Amino acid sequence: MEGKVVILMGSKNDIDFSREIAKYLEKLGVKYEFRVASAHKTPKKVLEILEEYEGAEVVYITVAGRSNALSAFVDANTTKPVIACPPYSEKFSGVDIFSSLRVPSGIGSVVTIEPEAAAIAAAKILAIGNPKLTDKIREYQESKRKEIEEADRAIRI
């Protein structure tokens, strides 16, 4: 079974940030879907979405700012991996990240604030037992190394 990423947003306002995650998933050849549901406003909808993917090989990337209950709520209600990737907010000087970091006991979601990092982490999880995806990740990592080497050459001239 080929896995995919479910990018679950707390509101439609998170779509631009979520598209950044999707851009990197596309580079890695990982399938994804966008979904919208709020742990605060539509918790039953969140649970319905989780039930929909229960038999699938999925990794959730949750995107919710402000008070990010979504990530911990999703993690508490699934055995699938959950990566919290809250958008940075200048309005709160980044303090709202604590709602993603400080979660109740028994919650195993991981947190990154960079769309690229969320996509890579999800791809690496899905690559376990998937040699083709493992190769795509290696290629991507090699391209990043080459970028640095080229930058070094360029500034030395």
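Being modelled with pLDDT of 95 or more and of a type in the set (Val, Ile, Thr) is true for just one of Thr79, Thr112. Which residue is that?
Going through Thr79, Thr112 in turn, the sole match is Thr79.
Condition test on Ile21, is it without any contact (Cβ under 8 Å) to a residue 60 or more places away in the chain and part of a helix (DSSP H, G or I)?
no
I need a count of the residues in region 18-39 that are buried (at least 16 other Cβ atoms within 10 Å of the Cβ), within 12 Å of Pro87 (Cβ to Cβ) and touching a Phe, Trp or Tyr at 6+ places or on another chain (Cβ under 9 Å).
2
Counting only residues that are loosely packed, with under 14 Cβ neighbours inside 10 Å and within 14 Å of the chain's Cα centre (by Cα), how many does region 1-17 have?
1
Which one of these does Gly55 not meet: (1) surrounded by 14 or more Cβ atoms within 10 Å (Cβ to Cβ); (2) out of contact with any strand residue (DSSP E or B) (no Cβ under 8 Å at 6 or more places or on another chain)?
(1)
So Glu142 ticks every box in (1) modelled with pLDDT of 95 or more; (2) surrounded by 14 or more Cβ atoms within 10 Å (Cβ to Cβ); (3) in a helix (DSSP H, G or I) but one. Which box is left unticked?
Against the list (1) modelled with pLDDT of 95 or more; (2) surrounded by 14 or more Cβ atoms within 10 Å (Cβ to Cβ); (3) in a helix (DSSP H, G or I), Glu142 comes up short only on (2).
Considering region 31-55 alone, what residues qualify as being outside any helix (DSSP H, G or I) and in contact (Cβ under 8 Å) with a residue 24 or more places away in the chain?
Scanning region 31-55 gives Lys31, Tyr32, Glu33, Phe34, Arg35, Val36, Ala37, Ser38, Ala39, His40, Tyr53, Glu54.
The values are calculated or read from the model by the stated rules, or taken from the named source; none is laboratory data. On a predicted model such as this, the values are computed, not experimentally measured, just so you know. Using ideal geometry, Cβ is built from the backbone for each residue, glycine included, and neighbour counts are taken over all protein chains shown.
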